[in-house]
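We did not get these values from a lab; they are worked out from the coordinates using the rules stated. These numbers come from a predicted model, not from an experiment. Glycine gets a Cβ as well: all are built from the backbone with ideal geometry, and neighbour counts include every protein chain shown.
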Amino acid sequence: MNQEESAPLKQPIGVFDSGVGGLTVLEALRRELPGRDFLYFGDTARVPYGSKPPELVRRFAWEISGFLLRQGAVALVVACNTASSLALGDLSRLGVPVFDVITPAVEEAQAYARVGVIGTRATISSGAYQERLEKRGRRVWSLATPLFVPIVEEGLWQDEAASLVASHYLEDAPNDLEALILGCTHYPYLKPLLARLRPDLRLIDSAAPTARTVARSLPRGPGTGRVVHYVTGDPESYRALAARLGVGTGEVRKIELGTL
Ligand code: DGL
């Protein structure tokens, strides 16, 4: 560890996801707030969240948030739709600003009358997107597309397997959809593929609108744009996958699950 790496971050924002999906949000946050430091937590030993019981996901989100606050986080971004749809009520008791990834995507989708939503099983069963959009008079088609998460975590987003799975999932998507919400932070990595299959759809993901929401609420910050990454799985595999996704990871620290 060099001297800069051991120096504490300045009022960092904590960002977390089950794995590398939240990096799509982290990258957008770093663009919007270049003067802020960030802590990124990828729960890579326990991914995927979307097929786990809701109470387990809530517990994971609570543990990780507590950990990030102990590391000095002054705000939290739940860069995971599954955790956003299940755990936000709990996290709002933590006494720091907490941002979800669902509200900004719903706002963005309001421009369209006929909207599709894809996400993990837990997100789709929670109805978090559907209820909010329907309340605003939008007609919604939704589908759980859980296989997209391991496809990204296994680095297969450009593989023929990804294309077969995506064609299967989108087979029944109505022709009159105008927009498709990628309701899982892993899915933006599949955008080129989804755009090829349905070039008529506006693809909406949470990254940029969430980053804009956070930037409107928090000051530019006293940091220098540093990020410390924490993972519960293997740090080297995480670093390699992030690099393939085009995300540079400086400091990656391994966290033992028992210490959370
Ligand atoms: N990237 C997460 C989401 O936005 C979690 C995916 C998963 O772990 O199943 O829902």
* Gyration tensor verdict on segment 178-260 (Cα atoms; rounded if a/c is under 1.5, prolate if a/b is larger than b/c, oblate otherwise) -> oblate
* With point charges of +1 on the Cβ of Lys and Arg and -1 on the Cβ of Asp and Glu, referenced to the Cα centre of the chain, which listed residue (P12, T185, L257) lies farthest in the positive direction of the dipole? -> P12
* Asked: Summing -39500 (n - 2.57) over the DSSP H runs of n ≥ 4 in the chain and dividing by its residue number, what mean residue ellipticity at 222 nm do you reach, to the nearest 500 deg cm²/dmol?
  -> -12000 deg cm²/dmol
* Asked: So how tilted is helix 235-244 from the main axis of the chain? Cα-based, degrees 0 to 90, rounded to 10.
  -> 50 degrees
* **segment 125-192-segment 29-61 distance, computed between alpha-carbon centres (Å)** => 19 Å
* Looking only at Cα atoms, what is the convex hull volume of segment 40-195 per residue, in Å³? -> 114 Å³
* Rg/Rh (Cα only; Kirkwood hydrodynamic radius) as it applies to segment 117-260 -> 1.01
* **Volume per residue that the Cα convex hull of the chain spans, once the total is divided by residue count, Å³** => 117 Å³
* Given +1 on the Cβ of Lys and Arg, -1 on the Cβ of Asp and Glu, and no further charges, what dipole in debye does segment 141-257 carry about its Cα centre, rounded to the nearest 20? -> 780 debye
* Asked: With charges set only on the Cβ (+1 for Lys and Arg, -1 for Asp and Glu), what does the dipole of the chain come to about its Cα centre, in debye to the nearest 20?
  -> 720 debye
* **Of every Cα-Cα pair in segment 104-159, the percent that sits beyond 17 Å** => 44 percent
* **Average Cα contact separation per residue, the chain, under 8 Å, 6 or more apart, as relative contact order %** => 27 percent
* Structure fact -> To the nearest 10 degrees, the tilt of helix 54-70 (Cα long axis) against the first principal axis of the alpha carbons of the chain is 30 degrees
* Asked: For q = 0.14 Å⁻¹, what log10 I(q)/I(0) does segment 1-123 give under the Debye formula with an equal point scatterer on each alpha carbon and no solvent?
  -> -0.62
